[in-house]
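Colleague: Quick one: the structure is below, and I'll ask about it shortly.
Derivation of every value follows stated rules applied to the coordinates shown; laboratory data play no part. Everything numeric in this text was worked out from a predicted model, so none of it was measured. So basically every Cβ, Gly included, is an ideal-geometry build from the backbone, and we count neighbours across all protein chains shown.
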Amino acid sequence: AQSVTQLDSQVPVFEEAPVELRCNYSSSVSVYLFWYVQYPNQGLQLLLKYLSGSTLVKGINGFEAEFNKSQTSFHLRKPSVHISDTAEYFCAVTLFGGSQGNLIFGKGTKLSVKP
Amino acid sequence: NAGVTQTPKFQVLKTGQSMTLQCAQDMNHEYMSWYRQDPGMGLRLIHYSVGAGITDQGEVPNGYNVSRSTTEDFPLRLLSAAPSQTSVYFCASRRQGSNTGELFFGEGSRLTVL
């Protein structure tokens, strides 16, 4: 079975600083990887996804993530954060070629951007 | 363009009461699912459906029932609410046939069981 570990539950950072949110996954088969963002009192929305091809994936709002198969990681990065990036971020995994496509989520990382 | 609509947004129940959380989507998505979100636990899958008449259990199905009589609707029923079911519930949908598609979420239903 797959699992996802988000290594930091909270990440405080100052505005305009770079940030990295870490995600490791465990699976015996190939997977697809996703990052979702949840703003306060809202549902989740997709930031980016890795399906195949280039290991560097660019998403919305200036975020990017790099898939590292040997380290089973999919860390999310942004070179310069804004106050508006304050939110909770979830890493998720699903089986490559799986018919149901159920997403398994990590426990989330709360990003707090301070002025 | 409504997307995924959940009702109610807030609900308070007493232990033992029953209720139904409603979920409707207008994107003609075959796949629909229910997650619960608890602090420090992330999102956990309760039940899912890959089409009308087809449902299956997720990671935490106990205490919940679902049905899928139409493509648009996927209600979640709590038969006898317990304090452990206090949570925020999210409904999500996407196209079936490919698990690479984006999962679209509703805005959530916050349930408190006293």
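Colleague: Kindly work out what percent of the DSSP beta bridges joining two residues of chain A are antiparallel, to the nearest 5. Please list the in-between numbers first.
Modeller: Numbers: 35 of 40 bridges.
Percent antiparallel among DSSP bridges in chain A is about 90.
Colleague: Counting other Cβ atoms within 10 Å of each Cβ, which trypsin sites (Lys or Arg not before Pro) in the range A:55-115 have at most 10 and sit in a DSSP loop?
Modeller: A:K69
Colleague: Oh, and also: What size of dipole, in debye to the nearest 20, comes out for the range B:28-114 about its Cα centre when the only charges are +1 on Lys and Arg C-beta atoms and -1 on Asp and Glu C-beta atoms?
Modeller: Values: 7 positive and 8 negative charges, 25 e Å.
So the magnitude is around 120 debye.
Colleague: Treating only the Cβ atoms of Lys and Arg (+1) and Asp and Glu (-1) as charged, compute the dipole magnitude of the protein assembly as shown about its Cα centre; round to the nearest 20 debye.
Modeller: Here the size comes out at about 300 debye.
Colleague: What are the GluC sites (Glu not before Pro) within the range A:1-89 that DSSP puts in a loop, where the Cβ has at most 14 other Cβ atoms within 10 Å? Provide the component values of the computation, followed by the final result.
Modeller: On the way: sites: A:E15, A:E16, A:E20, A:E64, A:E66, A:E88; in loops: A:E15, A:E16.
For GluC sites (Glu not before Pro) across the range A:1-89 that sit outside H, G, I, E and B with at most 14 neighbouring Cβ atoms in 10 Å, the list reads A:E15, A:E16.
Colleague: Let me ask something else about it. If the convex hull of the alpha-carbon atoms of the range B:17-103 is projected onto planes in all directions, what is the mean projected area in square nanometres? Can you show the working numbers first?
Modeller: Details: hull surface 22.6 nm².
Over all viewing directions, the range B:17-103 projects a mean Cα-hull area of 5.7 nm².
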